[in-house]
Amino acid sequence: MKASIFNDLRKTIHNESGIVLGENKQAMLKARLAKRIRSLGLSNEEEYLDYLLENQEDEMVHLLDVISTNVTKFYREDLHFTFAKKFLRDLLKQGKTRIRIWCAASSTGEEPYTIAITASEAMREAGVKADLKILATDISPTVLSVAKAGVYSAEKINEVPSDLKARYFKKVPTGFEVSDALRDMLIFGRLNLMKQPFKLNGDLDLIFCRNVMIYFDA
């Protein structure tokens, strides 16, 4: 990939999404773009850049999907969920009956479903049922489709404690599927954190915005 093409691509990516690609990411971008270039019937990155500029609104979704890194797992950094459960339990005990949570970078769903399990356990321990919804957003439609399906391999749910696994997952031929109770809490949607204002309705009680800022500059 020519340096000039790489610079034009990363500038476009930064302007659209805030994601910063350093000088050392040229080989990564070339490798990740290769399949997309072939699928469009193009010959090289230069042709792809021309195509992108001509079809920016539609193609940018695919480009950001290609470069997104989606490292996640259930109960990643467990301390956050310990805090969240206590926070939610306290809200419920104070008489809060409507709770809204935003998971700003939901990836393939492990994080928002962990939040849903945490919230369910908070309600169970408090002995209170609340109108509780979790908005789960991501910039990548591909990972959102995985999250919406809510089916994970046995290896993927290893981090889920056995009692919670039994309570919130059911065995299916392709792995383990999240329960309807968890699924009903979640609302999935594509959202670019660089496109403000966000169209969010009402107040939020808790926001998870984890492992996101590392992709942005100051």
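The values are calculated or read from the model by the stated rules, or taken from the named source; none is laboratory data. Because the structure is predicted, anything quoted here is derived from the model rather than measured. Cβ atoms come from the backbone with ideal geometry, glycine included; neighbour counts cover every protein chain shown. All accessible areas refer to the heavy atoms of the entire protein, side chains included, with ligands and DNA or RNA removed. Shrake-Rupley method; radii C 1.70, N 1.55, O 1.52, S 1.80 Å.
What residue, of 157, 207, is out of contact with any Leu (no Cβ under 7 Å at 6 or more places or on another chain) and over 14 Å from residue 108 (Cα atoms)?
207
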The condition from (1) more than 23 Å from residue 201 (Cβ to Cβ); (2) open to solvent by 50 Å² or more (accessible area, probe 1.4 Å) that residue 141 misses is numbered (1)
Only one of (1) in a helix (DSSP H, G or I); (2) under 30 Å from residue 162 (Cα atoms); (3) open to solvent by 70 Å² or more (accessible area, probe 1.4 Å) does not apply to residue 88, and that is (3)
Exception for residue 61 within (1) part of a loop (DSSP other than H, G, I, E, B); (2) over 30 Å from residue 158 (Cβ atoms); (3) not acidic (Asp, Glu) falls at (1)
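For the stretch 111-127, name all the residues that are of a type outside the set (Ser, Thr, Tyr), surrounded by fewer than 23 Cβ atoms within 10 Å (Cβ to Cβ) and in contact (Cβ under 8 Å) with a residue 24 or more places away in the chain.
First, pick out the residues of the stretch 111-127 that are of a type outside the set (Ser, Thr, Tyr): 111-112, 115-117, 119, 121-127.
In the following step, the residues that additionally are surrounded by fewer than 23 Cβ atoms within 10 Å (Cβ to Cβ) were identified as 121, 123-127.
Within the stretch 111-127, 121, 123, 125, 126 qualify.
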Checked pairs for the stretch 1-25, first over 21 Å from residue 43 (Cβ atoms), second among the charged types (D, E, K, R) and open to solvent by 60 Å² or more (accessible area, probe 1.4 Å), C-beta under 6 Å and 6 or more apart or across chains, list as 20/217
(1) open to solvent by less than 60 Å² (accessible area, probe 1.4 Å); (2) touching a Phe, Trp or Tyr at 6+ places or on another chain (Cβ under 9 Å); (3) not charged (D, E, K, R) all hold for residue 20 apart from (1)
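For the condition modelled with pLDDT under 95 and either touching a helix residue (DSSP H, G or I) at 6+ places or on another chain (Cβ under 9 Å) or surrounded by fewer than 17 Cβ atoms within 10 Å (Cβ to Cβ) (or both), what is the one hit in 96, 148?
One residue alone meets the criteria, 96.
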Flagged pairs (Cβ under 8 angstrom, 6 or more apart or on separate chains; first in the stretch 194-216, under 17 Å from residue 139 (Cβ atoms); second exposed (fewer than 10 other Cβ atoms within 10 Å of the Cβ)) are 211/71
Being aliphatic (A, V, I, L, M) and in contact with a His (Cβ under 9 Å, 6 or more places away or on another chain) narrows 21, 53, 92, 29 down to just 21
Flagged in the stretch 32-58 as under 13 Å from residue 9 (Cβ atoms), modelled with pLDDT of 90 or more and open to solvent by less than 80 Å² (accessible area, probe 1.4 Å), in numbering order, are 33, 36, 37, 44, 45, 47, 48, 49, 51, 52
